[in-house]
Every structure is written in C-alpha cells, then in structure tokens.
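Visitor: Structure provided below as structure tokens; questions to follow.
The values are calculated or read from the model by the stated rules, or taken from the named source; none is laboratory data. It should be emphasised that the depicted structure is a prediction, and the values quoted were computed from it without experimental measurement. FYI the Cβ positions are ideal-geometry reconstructions off the backbone, even for glycines, and counts take in every protein chain you see.
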Amino acid sequence: MKSVVEALLSQAIETLKQQGVLAEDVSPRINIQNTKDKSHGDLACNIAMMLAKPAGMNPRALAEQIIASLPADPRINEAQIAGPGFINFFVNDSWLEQQVSESLADEHLGIKRAIQGETIVVDYSSPNLAKEMHVGHLRSSIIGDAVVKALEFEGHTVIRQNHVGDWGTQFGMLLAYMEEQQNNGESLDLADLEGFYRASKQRFDDSEDFATRARELVVALQSGDEYCNKLWAEFNSISLEHCLALYKRLGVSLTAKDVRGESAYNNDLQTIVEELTQAKLLTESQGAQCVFLDEFKNKEGETLPIIVQKAGGGFLYATSDLAAIRYRAQQLNADRVLYFVDQRQALHFNQVFALAHKAGFASEQTSLEHLGFGTMNGADGKPFKTRSGGTVKLVDLLDEAEERAIALVRSKNPDMSEEELNKIGKAVGIASVKYADLSKDRARDYIFNFDQMLSFEGNTAPYLMYAYTRVASIFEKAELDMNSIQGDIRLEHEKEKDLANKLMQFSEVLSRVTLKGQPHALCSYIYEVAGLFSSFYENCPILSADSEEQKLSRLRLAALAGRTIKQGLNILGISTLEKM
RNA sequence: GCGCUUGUAGCUCAGCUGGAUAGAGUACCUGGCUACGAACCAGGUGGUCGUAGGUUCGACUCCUACCAAGCGCACCA
C-alpha cells in the first residue's frame, strides 16, 4: 500500500519539476509512514516539509501544489494537508478489502518473494565443542535462526554456517583424558560433557605428565596424526550430538550439514598469511605477524594490531575468520554474510571485516555484517548464573522452563491428561524462553525472568499462542479449515478495518527483520495483530453474525489474522498449538 | 587512557532512515462473563526521554561535552 502512494507522490514531484516549481536535481527519499492517529488518515508523508526549504516555499503551500499534482487514483479517497505541512492519505476501504482478500487467497499471505534473491550466509550458534552448550549460546542460536527463517520466507537463498569451535589447545587436554580413560579400560562417558571437561582440566592442572601428554597430542593433532585425529573426530561427533539434540528441542533449524567448524579452515591459514604478505599488508611486531590498519588508531596515533600468526607460528581466530570470509565470499558467493555473535566481539569483527575487504578476500560488494547482541542477565541485572556462580547449562534452563510451563498449564486445566499437559507445557515452555529473548532489541542486555516470560499477560509467547488457539477454536466450531477458506472480505466495523490495516503491514515488518536483523520488530507486530484480533473478536460476533455473508467475511478476516500470527511465530521458530 | 554498547513510567520493554499530543505490558484503581475459550476486553493514574549545550520549521532520534552502567583494547576464542 505504501508503494502505491509512493509512486503517486513521485509522479507529482516529477510534474512539479516540469513546471519549474521544484528544481530538476532534487531527488528526495519519499518516506511514507503509517499514521498513529485516525484523524491523520491511513498513510502520511512529510515530503513537502523536506522540500520546502530548497524550493524556497512555505511547506503548506508546497503540500498544496503536490496534492494538486497527484494523479487521480481510485485507491485513494483523499489527500489532505495537515499540521505544518504533512500530507495525509485516506485509503479507499474497497481497496483495503481487495488487498486482504487477495492475501487470504495466497498461501504466502500476499508477501512477494524477492525477484532477485540474494545469497546470504548466516553464521550463528557456533558453540565450542569442547564444552556443553550453555545459556550464552541461546541468543545467537535463536536470533540467528529467526532471521534465517525470515530471509527464506522472503525468497532469499540462505546458507547456514555453524562455525563451531572444534580446534585449539584445549582439545589436547580432552584427548589426553579420553586416551587415559580408554587405557584404564573405562568406558568413555561423554554424556556429561561439562563434567568431562572439568575432570580433564583437573588432571591437566594436577599432573605434569598429563599436561605434557596433552601438549604432545595438540601437536600430533595439528600435524595430522591418524590416531589423534580419530580420537578427536570421536569426541567431536559426540559433542555435536549434544548440540543437535538441543537444536531439535529448541526448534532451531541447524543440522549436521550446516556445521563447518574452525578446523575446516586449517589448510587455508598458511595461505591467508601468504596472501597478506603478497599484498604487503603484513608487518612483524614482537615476533608476531600483524596487520596494522589506519582505521584502528587511537588518539596517540598507535595503531591496533590484528595478529594473524603468533610468534611461535600458531594461528589465531582472526586468521580462521579471514579464511572463513574468503570461503563464504568466494566459494559460497555470498552477497551478505551475517554474524550473530556477542557484542563484545565488535572490535574484532570490525577489524577482520576491514582487512578482508582490503586484502580482497571479499569484494566491496560483499556485505559483512556483525549483528551483535547483549548479555543475558539475571533478575539482579548481573550475568545469569547458577546459585553457586557457575554457568547455566542450556539443558537445565530448558528443563526448568518446561517444568514451570507444565505447572502453569495444569493450573489452568486441572482435568487435562498428563500426556496432553506434557505436550502443551513443553511447547509453551520452550516458546516462552525463545520469545522473551526475541522480543527484545538484540543490542541490549536483557533480564531473564521466568515469571514474566511465562505470563499470559502482555507481550509473551503464551498470550500469542493463546490468541492463535482462539482463532483455531472458531474454525473448529464452524467445522471449517482456516487454511483453505477464501473469498471476499468486507470491512464494515471499525475494528475490522483496524485489523485489516495491520495485517497489510506484514511485509514491511519482515523487511526490517531481514535488513537489520531485528526479529523483535516481528514480535511487536504479531503482538499488535493479536491485540487487534482480540478487540475485533470482542466487538464483532463471528459465528452469530447478522447475516451469512457477514459471518463468512468475518471468518475470512479471522483466518487471515490466525494465519499471519502462525506464520509470524513460525518465522520466529515458535510452533503454535490448536488447543491449550 | 582509548574505543564500543546501553541509559525512556515504580518494574520489563517499544519508539522504523528527525515529524504531529513520547507508546505497550506489568503493578495500582474502575467497569464488563446465563463464554464464538474472561488465559480476554474497555477505561484511568503514572514520564522535565541520564545531564547540559548545539543543529533544525520540528530532536527520544543527529552533533559536542559531561555523568552512570556494562564490555572490549597483542599473541584465548
């Protein structure tokens, strides 16, 4: 709808240019906004105020000229001047009716798929395989996956990359411990990965012999020793199974084939250093191979180094990140590479991205974007920890969420069977954790609070899931299929129009999610849709409508609302329930 | 020391590339169930948008300085 008004306005501006009212060289960005106040019409534009000064005109006078030059269009009832020079557009209801009816008829809800879809590599989750996944991995996994799903819904080609930490010195310690256990004839117990890590760390600290063996194993591993690599592969495969089980439980779409860990770039690291040398970007400093970029200079004129190779010859994460960028840009042909990684690594990524462009690992056309996020804090505002101060395992967090959700659902449905209770409780528990995270701007730290996220009131997963079941319930009662119902929608009641208007904004919200990596915009949107639906539901009887025609029309509108909520939640990685 | 992020109602958070009177939820107060699921809806109280300047017709939004919190700044990732 915005695009229609935008087209009309740009035509009007062209006309005024021809008439000499506006200078030829003005090419303003036409910004159409949804109005907040009904008296301002449906859509508004501030273009007259932007152009008034360069045109040397009074904004209202210019607005008047623009309106006079607008081509007539049956879809727009009226354009008015308001306030200091806004132009308010009143949309023809029949156009809105047509739009919602068309969206209902489309299984893709009227959202156009990108004509020229981009190839977008998304790096997210990326846990360290040496340890068990903890709460710190939650945000990357969930937010990244939501953006991935939104991009795919828009018709882009997404290549998921789970850049797991499967390399590095800590693996020597783990392999040494594995070896020791196997030699002692003990069965390998990796069920508790965290415990295994702690135990091997303990051995490493306590025994000099063990530590020596661990260091030997790292060297052996890196030089391609067969025995060592077999141990390593065994360990990783078990550790990865833990991750995959959690993804499945969380509804995160990452699979084994999306894994391309640090180790995948081992053979490229030397090449990266050589290419940097050839490009004359490399400098030796204190024995290490470094790149100094002028962009990263402090006030004293000291440039920050990007260390690519240690004094001892070892490589660092900057090196493998550069190799990953080269692979993604050159092999995967990425138009964009998105990194959902902790905000704390912002400097590192800024440096690596700048260097990658400079060294030609990625062309200037390849957009490298670090979409960072803040810390997950407890109720006290400090990083979320267990009572004893340790990191919270992701499994434990999800267990607790499910338990609490089951208790909650039970309290609302005392007679429900254990089986159903379990099913609904689990869905609600996981959804609550995910939604609480997704609904906040990722850049900020956020306070994790079970009571708040499991509440049925406010912008929470349970409220939205409930809203959906109410729609589903109508269709069950009417013995109709929400997904196949079609036909014309008439908008008579004010609440119907409000809902319809909001439903037509799905696509612009989606683009904000994909362009800026902000799923919280989608959360707010679904919440608004659910709220407007509730209001419509309260004010407009559906099954007991005045006429059969009205009943069908309202059913169709309800169906579009229900399907929008469901689709929106699915993009967020939250599945809906027909009953709860 | 330098840099990044954040600072909006008692609390948890929105506020889209500067736009019309700063919005939700929660808490608190008022109404509405012989139910298309009240797990809901309608309404009210509550904010000098960290502070001070500046740019602008117009600033929560942009610029500068300062204050506060968190986090980064050479061989961990």
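Visitor: For the range A:309-360, how many residues meet the condition of being among the β-branched types (Val, Ile, Thr) and either on the phi > 0 side of the Ramachandran plot or assigned to a helix (DSSP H, G or I) (or both)? Steps first, please.
Guide: Initially, the range A:309-360 is screened for residues among the β-branched types (Val, Ile, Thr), giving A:319, A:325, A:337, A:341, A:352.
Keeping just the survivors that are either on the phi > 0 side of the Ramachandran plot or assigned to a helix (DSSP H, G or I) (or both) gives A:319, A:325, A:352.
The total comes to 3.
Visitor: Considering only residues that are assigned to a loop (DSSP other than H, G, I, E, B) and within 16 Å of RNA strand B (Cβ to nearest atom), which ones fall in the range A:214-268?
Guide: Scanning the range A:214-268 gives A:ARG260, A:GLY261.
Visitor: Another question, if that's okay. Is it fair to say A:GLU97 is within 30 Å of A:ALA559 (Cα to Cα) and either over 36 Å from the mean Cα position of the chain (by Cα) or in contact (Cβ under 8 Å) with a residue 40 or more places away in the chain (or both)?
Guide: It is true that A:GLU97 is within 30 Å of A:ALA559 (Cα to Cα) and either over 36 Å from the mean Cα position of the chain (by Cα) or in contact (Cβ under 8 Å) with a residue 40 or more places away in the chain (or both).
Visitor: Could you look through the range A:222-257, keep only residues that are hydrophobic (A, V, I, L, M, F, W, C) and touching a residue at least 60 places away in the same chain (Cβ under 8 Å), and pick out the one that is surrounded by the fewest Cβ atoms within 10 Å (Cβ to Cβ)?
Guide: Looking only at the range A:222-257, we keep the residues that are hydrophobic (A, V, I, L, M, F, W, C), and these are A:228, A:231-233, A:235, A:238, A:240, A:243-246, A:250, A:252, A:254, A:256.
Within this subset, residues satisfying the condition of being touching a residue at least 60 places away in the same chain (Cβ under 8 Å) are A:232, A:235, A:240, A:243, A:246, A:250, A:252, A:254.
On the way: A:TRP232: 23, A:PHE235: 22, A:LEU240: 18, A:CYS243: 24, A:LEU246: 22, A:LEU250: 21, A:VAL252: 25, A:LEU254: 24.
Only one residue fits best here, namely A:LEU240.
Visitor: Just give me the residues in the range A:526-550 being near RNA strand B (Cβ under 9 Å from one of its atoms) and in a helix (DSSP H, G or I), in sequence order.
Guide: Within the range A:526-550, A:TYR527, A:GLU528, A:ALA530, A:GLY531, A:LEU532, A:PHE533, A:SER534, A:SER535, A:PHE536, A:TYR537, A:GLU538, A:ASN539 qualify.
Visitor: Pick from the range A:426-449 the residues that are within 10 Å of RNA strand B (Cβ to nearest atom) and of a type in the set (Gly, Ala, Ser): which of them is farthest from A:TYR247 (Cα to Cα)?
Guide: Checking each candidate, the answer is A:ALA443.
Visitor: Taking A:GLU102 as the residue in question, decide whether it is among the charged types (D, E, K, R), within 15 Å of RNA strand B (Cβ to nearest atom), free of Cβ contacts under 8 Å to residues at least 40 places away in the same chain and over 30 Å from A:ALA334 (Cα atoms).
Guide: no
Visitor: Among the numbered conditions (1) buried (at least 20 other Cβ atoms within 10 Å of the Cβ); (2) under 30 Å from A:GLN518 (Cβ atoms), tell me where A:MET173 comes up short.
Guide: The one condition A:MET173 does not meet is (2).
Visitor: Taking the range A:44-68 as the region of interest, how many residues are small (Gly, Ala, Ser) and either near RNA strand B (Cβ under 9 Å from one of its atoms) or not in a helix (DSSP H, G or I) (or both)?
Guide: 4
Visitor: With more than 30 Å from A:ARG442 (Cα to Cα), crowded, with 17+ Cβ neighbours inside 10 Å and of a type in the set (A, V, I, L, M) as the only criterion, which of A:LEU543, A:LEU552, A:LEU560, A:LEU510 stands out?
Guide: Details: A:LEU543 fails: crowded, with 17+ Cβ neighbours inside 10 Å; A:LEU560 fails: more than 30 Å from A:ARG442 (Cα to Cα); A:LEU510 fails: more than 30 Å from A:ARG442 (Cα to Cα).
Being more than 30 Å from A:ARG442 (Cα to Cα), crowded, with 17+ Cβ neighbours inside 10 Å and of a type in the set (A, V, I, L, M) holds for just one of A:LEU543, A:LEU552, A:LEU560, A:LEU510, which is A:LEU552.
Visitor: For the range A:129-163, what are the residues that are modelled with pLDDT of 95 or more and assigned to a strand (DSSP E or B)?
Guide: Those that are modelled with pLDDT of 95 or more and assigned to a strand (DSSP E or B): A:THR157, A:VAL158, A:ILE159, A:ARG160, A:GLN161, A:ASN162.
Visitor: Output yes when any residue across the range A:348-368 is under 22 Å from A:GLY168 (Cα atoms) and within 9 Å of RNA strand B (Cβ to nearest atom), and no when none is.
Guide: Scanning the range A:348-368 turns up at least one residue that is under 22 Å from A:GLY168 (Cα atoms) and within 9 Å of RNA strand B (Cβ to nearest atom).
Visitor: For A:ARG444, which of the numbered conditions (1) assigned to a helix (DSSP H, G or I); (2) within 19 Å of A:LEU138 (Cβ to Cβ) fails to hold?
Guide: (1)
Visitor: Being surrounded by fewer than 14 Cβ atoms within 10 Å (Cβ to Cβ), modelled with pLDDT of 95 or more, polar (S, T, N, Q) and farther than 20 Å from A:SER575 by Cβ is true for just one of A:SER367, A:SER388, A:SER363. Which residue is that?
Guide: Going through A:SER367, A:SER388, A:SER363 in turn, the sole match is A:SER363.
Visitor: To continue, here is another question. Just for the range A:513-525: of the residues that are more than 8 Å from RNA strand B (Cβ to nearest atom) and in a helix (DSSP H, G or I), which one is farthest from A:MET1 (Cα to Cα)?
Guide: Applying the filter and picking the extreme gives A:CYS523.
Visitor: Out of everything in the range A:501-538 that is of a type in the set (Gly, Ala, Ser) and over 26 Å from the mean Cα position of the chain (by Cα), what residue ends up being farthest from A:ILE120 (Cα to Cα)?
Guide: Residue satisfying both the conditions and the ranking: A:SER535.
Visitor: Among the residues of the range A:308-340 satisfying the criterion of being of a type in the set (D, E, K, R) and within 14 Å of RNA strand B (Cβ to nearest atom), which is nearest to the chain's Cα centre (by Cα)?
Guide: A:ASP321
Visitor: Okay, moving on. Could you identify the single residue in A:ASP396, A:ASP415 that is charged (D, E, K, R) and either within 14 Å of A:PRO462 (Cβ to Cβ) or more than 26 Å from the chain's Cα centre (by Cα) (or both)? Steps first, please.
Guide: Values: A:ASP396 fails: either within 14 Å of A:PRO462 (Cβ to Cβ) or more than 26 Å from the chain's Cα centre (by Cα) (or both).
Testing whether each residue is charged (D, E, K, R) and either within 14 Å of A:PRO462 (Cβ to Cβ) or more than 26 Å from the chain's Cα centre (by Cα) (or both) leaves just A:ASP415.
Visitor: Based on what the data block shows, is A:ILE32 touching a helix residue (DSSP H, G or I) at 6+ places or on another chain (Cβ under 7 Å), under 30 Å from A:LEU151 (Cα atoms) and either near RNA strand B (Cβ under 9 Å from one of its atoms) or assigned by TED's automatic domain parsing to the domain that holds A:ASP488 (or both)?
Guide: Answer is yes for this residue.
Visitor: Can A:ILE574 be described as surrounded by 15 or more Cβ atoms within 10 Å (Cβ to Cβ) and more than 26 Å from A:MET1 (Cα to Cα)?
Guide: On the way: surrounded by 15 or more Cβ atoms within 10 Å (Cβ to Cβ): yes; more than 26 Å from A:MET1 (Cα to Cα): yes.
Spelling it out, A:ILE574 is indeed surrounded by 15 or more Cβ atoms within 10 Å (Cβ to Cβ) and more than 26 Å from A:MET1 (Cα to Cα).
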